[in-house]
Amino acid sequence: MKKLSLYIACLLCLLTACEPDTECRQEETVRLKVTFLCDSVNAEGEKVTFTSIDSLTLQGVGSDSILRNNDKNVSSLSLPLRKDTTLTQFAVTFNNVLDTLTVRHTNNQQFISLACGCFVYHTVEEVTHTTHIVDSVLIVNAAVENYEQNNLQLYLSF
């Protein structure tokens with residue numbers, strides 16, 4: 001009986017000492033959400049506003065991986081910002097025209113737990129760009145903390 005009590009006590013200690021690691025199962029990289037607002041002139045010469053791109057290719061500058069490859073009907077982007085520096089650049093090709101988007105940001109580490117480590121959140125300080133297709137950029141929400149919030153509005157002109 002003593003042995004059984006000891007086993008039960010050890011089992012209870014093990015079960016109560018463990019914490020669920022649901023936070024560790026989350027996506028650890030928060031992303032900058034970018035939406036589009038595009039102006040164009042149709043065949044009749046009228047100004048038309050739309051919110052999706054016919055053809056978009058996206059690559060991080062200094063990286064050989066392509067994040068989007070000739071995607072169709074794109075209305076928003078979720079961009080990973082670099083954790084090791086405060087400057088992230090993207091080469092964005094809209095309908096075969098290249099623009100570069102440069103995001104200056106601060107990185108804010110938030111400790112989650114010993115098992116999970118830190119998540120890195122960002123604050124957008126400034127956005128610069130080339131002006132082939134990108135007309136202007138509006139910082140809607142500087143705090144980059146999750147996928148649901150819109151951070152940047154890109155105004156495009158074709």
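Worth a mention:
- For the range 41-85, the set of residues classified as of a type in the set (Val, Ile, Thr), within 18 Å of Leu156 (Cα to Cα) and not in a strand (DSSP E or B) consists of Thr51 only.
- Any hit, the range 63-86, residues being in contact with a Gly (Cβ under 7 Å, 6 or more places away or on another chain) and either surrounded by 14 or more Cβ atoms within 10 Å (Cβ to Cβ) or modelled with pLDDT of 90 or more (or both): yes
- Selected residue [under 14 Å from Thr29 (Cα atoms), among the aromatic types (Phe, Trp, Tyr) and open to solvent by 60 Å² or more (accessible area, probe 1.4 Å)] from Phe119, Phe111: Phe111
- Check on Val127, out of contact with any Cys (no Cβ under 9 Å at 6 or more places or on another chain), of a type outside the set (Ser, Thr, Tyr), at pLDDT 90 or above and under 15 Å from Val61 (Cβ atoms): yes
- If the condition is being part of a loop (DSSP other than H, G, I, E, B) and closer than 15 Å to Ile133 by Cβ, then the range 86-114 contributes Asn95, Asn96.
- Test: residue in the range 117-136 that is at positive phi and either assigned to a loop (DSSP other than H, G, I, E, B) or of a type in the set (Gly, Ala, Ser) (or both): yes
The values are calculated or read from the model by the stated rules, or taken from the named source; none is laboratory data. Just so it is clear, the model here is predicted, and its values are computed rather than measured. Virtual Cβ from ideal backbone geometry, glycine too; neighbours counted across all protein chains shown. With ligands, DNA and RNA removed, areas are computed over all heavy atoms of the protein, side chains included. Shrake-Rupley method; radii C 1.70, N 1.55, O 1.52, S 1.80 Å.
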